[in-house]
Amino acid sequence: MNYEQFFADQIAAIKAENRYRVFADLERLAGQFPRALLRTDSSTKEIMVWCANDYLGMGQHPEVLHAMQEMIVRCGAGAGGTRNIAGSNHVHIMLEQELAHLHNKEAGLLFGSGWIANMTTLAALGRMLPGCAIYSDAHNHNSIIEGIAHSKAEKHIFKHNDIDDLERQLAACDASRPKLIVFESVYSMDGDTAPIKEICDLAEKYNAMTYLDEVHAVGLYGKGGAGLAEQEGQAQRLTIIQGTLAKAFGIVGGYIAGTRSLCDFIRSVGAGFIFSTSLPPAIAAGALASVRHVRHNEGLRQQLHTRVASVKAQMKERGLPLMHSTTHIVPLYVGDAALCQRICQELLDRHSIYVQPINYPTVPRGTERLRICPTPLHTEAHITQLMKAMEAVWQKSAVRRAA
């Protein structure tokens, strides 16, 4: 077999479908977010970023930077290996305790990313619980899908946010079998939310565990920033809450929060925890500073939602194809992969605005879109600039206005 030809043919096929991904060569500017530098072979120019998952700009917050710099001086760059081999740096323990407090749970457990947290925890639970049946929302993230697949447990996919379909499937299962319902609080491509209370009601009725992915909600919802479950008063009913340190908290890493015995169980059997090098102490210190700051600064969340409301209102006024979203995610429908890429390139080239096209397999074919993420650091002047650029590009591209 000609291996190089195989790889080249696969890439050619992806390009032919207009879903080949080009990553912009960006340089984030400390203290100037959402500004960044775009580098090309021939030039460098300043751009405005409108699609980052650093939802609160905490990746450049002075308290976070200071905590990281101080920890590098104290502990050096790396963690020394896995926690199994090198032990836990004290800041890992402090961060896990802070995350447990954030979610009002007994314990927390750190991972290298939210993807690894989902993959490891779900694979371990599905594999180790005897006869486990896992019920997963149809719109769940790739990391959840992969974790369930690796668990080799019996899986059932229920229609997105469909309580009746979930109950029908739960009712058909042997009452004595272990059951796990897996869902997200905020779905990041559509901006819709899960019926958390109703799912918890079903879990209690059918003696099932619940696993809630709060990745796109933690830091942004609830009085203390613990996520949508806190905002809706349902957090204590959930068995496991999973979150990330890479979005609203602006750093990197993932975690779960639950009972001490559950977290200890995953620590002891989860391959993605046991065999992965732990977070560098400076990363953990920055995350700890960020979580503490966000927990006690509700004004940040209020600022975010004010900016989001402004962007949505102005898009509606201009007749732009805003998809229905009840959260901070602002999706604009395009419906064509090639056109989606062209629009984003036009925004970047002519208006110095960076928005990454969202194409298959992130979203289904025919639902390609732009995904705008306002932050508290985007000003009204920035929003005005965005709207003028959007109007110009939409008129030029002759994209339909109805979402």
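Data for the structure
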item	result
Close pairs from the stretch 127-143: first open to solvent by less than 10 Å² (accessible area, probe 1.4 Å), partner among the small types (Gly, Ala, Ser) and at pLDDT 95 or above, Cβ under 6 Å, at least 6 apart	CYS132/GLY126; CYS132/ALA153; ILE134/GLY126; ILE134/ALA153
Hits in the stretch 137-167 (condition: over 17 Å from the mean Cα position of the chain (by Cα) and part of a strand (DSSP E or B))	GLU154, LYS155, HIS156, ILE157, PHE158
Restricting the stretch 358-396 to residues that are within 23 Å of the chain's Cα centre (by Cα) and among the basic types (Lys, Arg), the residue that is modelled with the lowest pLDDT	ARG365
Residue selected from the stretch 17-45 under the condition farther than 20 Å from ARG342 by Cα and in a strand (DSSP E or B), by the criterion most open to solvent (accessible area, probe 1.4 Å)	ARG28
Qualifying residues in the stretch 146-174 (those that are over 18 Å from ILE199 (Cβ atoms) and not hydroxyl-bearing (Ser, Thr, Tyr)) - the one surrounded by the most Cβ atoms within 10 Å (Cβ to Cβ)	GLY147
The stretch 71-83, residues that are of a type outside the set (Gly, Ala, Ser) and more than 12 Å from ALA284 (Cα to Cα)	VAL73, ARG74, THR82, ARG83
Neighbours by Cβ (under 7 Å, 6+ apart or cross-chain): first from the stretch 189-204, part of a helix (DSSP H, G or I); second of a type in the set (Phe, Trp, Tyr)	ILE199/PHE183
Extreme residue, farthest from the chain's Cα centre (by Cα), among residues of the stretch 97-107 that are surrounded by fewer than 24 Cβ atoms within 10 Å (Cβ to Cβ) and on the phi < 0 side of the Ramachandran plot	GLU106
Helices (runs of 4 or more DSSP H) within the stretch 62-113 that include 2 or more residues within 30 Å of GLN32 (Cβ to Cβ) and at pLDDT 95 or above	62-75, 90-102
Top-ranked residue of the stretch 334-355 - restricted to ones that are surrounded by 20 or more Cβ atoms within 10 Å (Cβ to Cβ) and not in a helix (DSSP H, G or I), ranked as modelled with the lowest pLDDT	VAL334
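The values are calculated or read from the model by the stated rules, or taken from the named source; none is laboratory data. Being a predicted model, the structure only gives us computed values, none of them experimental. Cβ coordinates were reconstructed from backbone atoms using ideal geometry, including for glycine residues, and neighbour counts include every protein chain displayed. The area values use the complete protein model at the heavy-atom level, side chains included, leaving out ligands, DNA and RNA. Shrake-Rupley method; radii C 1.70, N 1.55, O 1.52, S 1.80 Å.
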